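The structure appears below as structure tokens.
The values are calculated or read from the model by the stated rules, or taken from the named source; none is laboratory data. From a predicted model like this one, the values you see are computed outputs, not experimental measurements. We place every Cβ from the backbone using ideal geometry, glycine too, and count neighbours over all the protein chains shown.
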Amino acid sequence: MKRFLFIYGLVFSMIWIGYGLYSVFTNQPSANLILGFGIAFSVVICAATWFSYWLMGHYQKIDAMAKRILAKN
């Protein structure tokens, strides 16, 4: 699952940053804004991917602890 999320985030980050760089090189209006949005999007996607992976790991630990507690009773 982590690999899929990482590849998904990487592909969309490359698309947005690539389009931003293309707009800067072709001197399109609001090119810096597009590039800034692409970079911000990349940071948010990478952070969300990391956070979801971290959260799923903690859910698994909590589930394991709950099973152990319930099995004792």
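Six or more apart or on different chains, Cβ atoms under 9 Å: show the pairs whose first residue is in the stretch 21-43 and in a loop (DSSP other than H, G, I, E, B) and whose second is among the aromatic types (Phe, Trp, Tyr).
Taking only residues 6 or more apart or on different chains, the pairs are 28/22.
For the stretch 27-73, which residues satisfy the criterion of being hydroxyl-bearing (Ser, Thr, Tyr), farther than 17 Å from residue 7 by Cβ and at pLDDT 90 or above? Break it down into steps so the answer makes sense when it comes.
From the stretch 27-73, those hydroxyl-bearing (Ser, Thr, Tyr) are 30, 42, 49, 52-53, 59; that's our starting set.
Of the ones still in play, those that are also farther than 17 Å from residue 7 by Cβ are 30, 59.
Selection gives 30 alone.
Every residue, every condition in (1) surrounded by 10 or more Cβ atoms within 10 Å (Cβ to Cβ); (2) under 9 Å from the mean Cα position of the chain (by Cα), yes or no:
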| position | (1), (2) |
| --- | --- |
| 4 | no, no |
| 24 | yes, no |
| 29 | no, no |
| 32 | yes, no |
| 43 | yes, yes |
| 52 | yes, yes |
| 57 | yes, no |
